[in-house]
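*Asks:* What follows is a structure written as structure tokens; I'll ask about it next.
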Amino acid sequence: MRILVLGGDGYLGWPTSMYLAVKGHEVFAIDNYLRRTVALATNSEALIPSPNLEERAQTFKDVTGSEIGVRIGDLRDIKVMEEAINGFKPDAVIHYAEQPSAPYSMMGYDEALLTLDNNLKVTFNLVWSVINHRPECHIIKLGTMGEYGTPEIDIEEGWIEIEHKGRRGRFLFPRQAGSLYHTTKIMDTDLLWFYVRTFGLTVTDLMQGPVYGLSSDETELDSRLLPNFHYDDIFGTVINRFLVQAVAGEPLTVYGAGGQTRGYLNLRDTLQCVELAALNAPEKGTLRVFNQLTECFTVNEIAERIQRTGNRMRLDVKIERIDNPRKEAEQHYYNPVHTGLLELGLKPHHMTDEVLDGMLETILPYKERINRGVIQPRVRWS
Ligand SMILES: NC(=O)c1ccc[n+]([C@@H]2O[C@H](COP(=O)([O-])OP(=O)(O)OC[C@H]3O[C@@H](n4cnc5c(N)ncnc54)[C@H](O)[C@@H]3O)[C@@H](O)[C@H]2O)c1
């Protein structure tokens, strides 16, 4: 297939581009380095130095013989988006190109506006470029499980049947996000659903949980092909922060009671999921939604697992509770349905001791690069 990856320099975009290219797809990746720019501006640079996208593509070609087309461009510019869609003529577009940090979106007016403007404009430009130049193209959009929040009922896979005053209807599952970033993802979904209904676009919305891991068959070929690894309070996920705290000899800091439950997945499974979505497009003119996660953990469970991982490597790891900088339920019901991707053939890689040991071993050589001053919360929700 001809697959366009928007945000191809990102944590997920780069391993995805390599994975698809090795599988024999024709891949073109676009990025404007927003992640790198914002990380620099907030003193949140990645732990492992990563070459730029053009250098990565060259290394990948040298190592594997496969090619990934790359372009540096801002997809908020409709001309950049149109050239990509009209020039490359993709069968599927994987849309990762957003500002994905919840804390960044809560820093203040400028950061909130950048998140809102960037995320919605890229989605809007994609929709219009597909309508005008490639209406048969399948849009695969990365949403997030965070769109649903933590309701008191089971989270269905995108849609819910509602019976009201004796009549029934099928609606998008209610969404109530806990940050502005997550709210932009809800707005994306609404935009896409509108254009599916009115213009007959074909869309898969992947409601993804937090992804962990640095390993895929391709990232393991050469350390220059590793994905971005952020561990600070703004771009680091809880798993990355805990692993780096363990390496730095600092206690793992749990926000509040630690009962916050989320559905996680291994990087290798994200790669499988996006390819499965591309190979199995939904019926033309439909919005299909999958919940993209493989297992659920509380923050306390993650902390305990990483404590055990660290202790296996003779790092004396402690766990500490700190005030929660976010507004979120710290103990709650959580039961998301996630059968759609399994039915398409997803073979999950679970968060085993071996996987966590492997992540810690990859990080250990970079211990001296850890900036201890950026791990504790610098952003509060109020
Ligand atoms: N990583 C996760 O755990 C996770 C979980 C759920 C959802 N997601 C979603 O998956 C997507 C990718 O996440 P990620 O972790 O790889 O983030 P990332 O920040 O590493 O990657 C996004 C990439 O898009 C690029 N980008 C952003 N705006 C752009 C623009 N206007 N023009 C061109 N390029 C632009 C950035 O420079 C970056 O390289 C995001 O949409 C995110 O919301 C990620």
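*Asks:* Using unit Cβ charges (K, R positive; D, E negative) and no other charged atoms, how large, in debye to the nearest 20, is the dipole of the range 247-292 about its Cα centre?
*Replies:* Using Cβ point charges on Lys, Arg, Asp and Glu, the range 247-292 gives about 140 debye.
*Asks:* Of the beta bridges DSSP finds with both residues in the range 71-175, what % are antiparallel, to the nearest 5?
*Replies:* If I count the DSSP bridges inside the range 71-175, around 60 percent turn out antiparallel.
*Asks:* Return a whole-number percent for the relative contact order of the chain, with Cα pairs under 8 Å and 6 or more residues apart as the contact set.
*Replies:* Computed value for the chain: 20 percent relative contact order.
*Asks:* Report, ordered by chain and residue number, the aspartates and glutamates lying within cross-link reach of residue 327, taken as a straight Cα distance under 20 Å and ignoring same-chain residues fewer than 8 apart.
*Replies:* 111, 147, 152, 232, 233
*Asks:* Continuing with this model, one more query. Report the normalised scattering of the range 148-302 as log10 I(q)/I(0) at q = 0.15 Å⁻¹, calculated by the Debye formula with identical scatterers on the alpha carbons.
*Replies:* Values returned for q = 0.15 Å⁻¹ are -1.00.
*Asks:* On to the next question. When the solvent-accessible surface of protein heavy atoms is calculated with a 1.4 angstrom probe, in what order do 184, 362 fall, highest first?
*Replies:* Output order, biggest surface exposure first: 362, 184.
*Asks:* Further, regarding this structure: Where the centroid of each part is defined by its Cα atoms, how far is the range 159-207 from the range 313-382 in Å?
*Replies:* What the calculation gives is 28 Å, centre to centre.
*Asks:* Still on this model: Running a GNM on the chain with Cα contacts under 10 Å, which residue among 65, 158, 258 ends up with the highest mean-square fluctuation?
*Replies:* 65
*Asks:* Dipole magnitude of the range 204-307 about its Cα centre, charges +1 at Lys/Arg Cβ and -1 at Asp/Glu Cβ only, in debye to the nearest 20?
*Replies:* Dipole about the Cα centre, nearest 20: 220 debye.
*Asks:* Here is a further query. Specify whether the C-alpha gyration tensor of the chain places it in the rounded, prolate or oblate class, a ≥ b ≥ c being the square roots of the eigenvalues: rounded for a/c under 1.5, otherwise prolate if a/b is larger than b/c and oblate if not.
*Replies:* Verdict is oblate for the chain.
*Asks:* What relative contact order, as a whole-number percentage, does the range 89-156 give when Cα pairs under 8 Å and 6 or more residues apart are counted?
*Replies:* Taking the mean separation of contacting Cα pairs over the length of the range 89-156, I get 47 percent.
*Asks:* What whole number of Å gives the distance from the Cα centroid of the range 227-271 to the Cα centroid of the range 113-154?
*Replies:* 25
*Asks:* For residue 2, tell me the accessible area in Å² from a 1.4 Å probe, rounded to the nearest 10.
*Replies:* 70
*Asks:* Output the relative contact order of the range 260-324, whole-number percent, from Cα pairs under 8 angstrom with separation of 6+ residues.
*Replies:* 39
*Asks:* Let me check I've understood the local charge: for residue 350, count other residues with C-beta under 14 angstrom from its C-beta, Lys and Arg +1, Asp and Glu -1. What total comes out?
*Replies:* Spelling it out: positives minus negatives among the neighbours equals -3.
*Asks:* Another question, if that's okay. For residue 295 and residue 159 in one chain, what is 0.36 nm times their gap in residues minus the Cα-Cα distance, to one decimal in nm?
*Replies:* 46.9 nm
*Asks:* Here's a follow-up. Within a Cβ distance under 13 Å of residue 369, other residues only, what is the Lys/Arg minus Asp/Glu net charge?
*Replies:* Local charge sum for residue 369: -1.
*Asks:* Please give the charge dipole size of the chain, origin at the Cα centre, charges +1 on K and R Cβ atoms and -1 on D and E Cβ atoms. Round to the nearest 20 debye.
*Replies:* Magnitude of the dipole: close to 500 debye.
*Asks:* Ranked from the most accessible area to the least, with a 1.4 Å probe and all protein chains present, what is the order of 107, 18?
*Replies:* 107, 18
*Asks:* Local charge sum around residue 123 (other residues, Cβ-Cβ under 13 Å, Lys/Arg +1, Asp/Glu -1)?
*Replies:* Counting the neighbours of residue 123, the net charge comes to -1.
*Asks:* Also, quick follow-up: Can you give me the solvent accessible area of residue 313 with a 1.4 Å probe, rounded to the nearest 10 Å²?
*Replies:* Counting only protein heavy atoms, the figure is 50 Å².
*Asks:* Further question on the same structure: Accessible area per residue of the chain at 1.4 Å probe, in Å²?
*Replies:* Here the per-residue accessible area is 41 Å².
*Asks:* Can you tell me how the range 227-382 classifies by the Cα gyration tensor, rounded, prolate or oblate, using a/c under 1.5 as the rounded cut?
*Replies:* Prolate, because a/c is 1.5 or more and a/b exceeds b/c.
*Asks:* Here's a follow-up. I want to verify a result. In a Gaussian network model of the chain, Cα cutoff 10 Å, which of these has the top mean-square fluctuation: 37, 204, 115?
*Replies:* Largest GNM mean-square fluctuation: 37.
*Asks:* Also, I was wondering about something else. What residue among 312, 268, 134 shows peak mean-square fluctuation when the chain is described by a Gaussian network model with Cα springs under 10 Å?
*Replies:* Taking springs between Cα atoms under 10 Å, the residue moving most is 312.
*Asks:* Taking a ≥ b ≥ c as the square roots of the Cα gyration tensor eigenvalues, with a/c under 1.5 meaning rounded and otherwise prolate when a/b beats b/c, else oblate, which class fits the range 245-303?
*Replies:* Prolate, since a/c reaches 1.5 and a/b exceeds b/c.
*Asks:* Ok, one more. Summing -39500 (n - 2.57) over the DSSP H runs of n ≥ 4 in the chain and dividing by its residue number, what mean residue ellipticity at 222 nm do you reach, to the nearest 500 deg cm²/dmol?
*Replies:* When only DSSP H runs of four or more count, the value is -11500 deg cm²/dmol.
*Asks:* Where in the range 30-124 are there GluC sites (Glu not before Pro) that are in a DSSP coil and have at most 14 other Cβ atoms within 10 angstrom of their Cβ?
*Replies:* 67
*Asks:* Taking a point 7 angstrom from the Cα of residue 114 along the C-beta vector, which residues in the range 9-52 have backbone N less than 13 Å away?
*Replies:* 33-45
*Asks:* With a 1.4 Å probe and every protein chain kept in, tell me what percent of the accessible surface of the chain is carbon plus sulfur.
*Replies:* Looking at the chain in its full context, I get 50 percent from C and S.
The values are calculated or read from the model by the stated rules, or taken from the named source; none is laboratory data. Since this is a predicted model, take the numbers as computed values, not measurements. Note: ideal-geometry Cβ built from the backbone for every residue, glycine included; neighbour counts use all protein chains shown. Heavy atoms of the whole protein, side chains included, go into the accessibility calculation; ligands, DNA and RNA do not. Shrake-Rupley method; radii C 1.70, N 1.55, O 1.52, S 1.80 Å.
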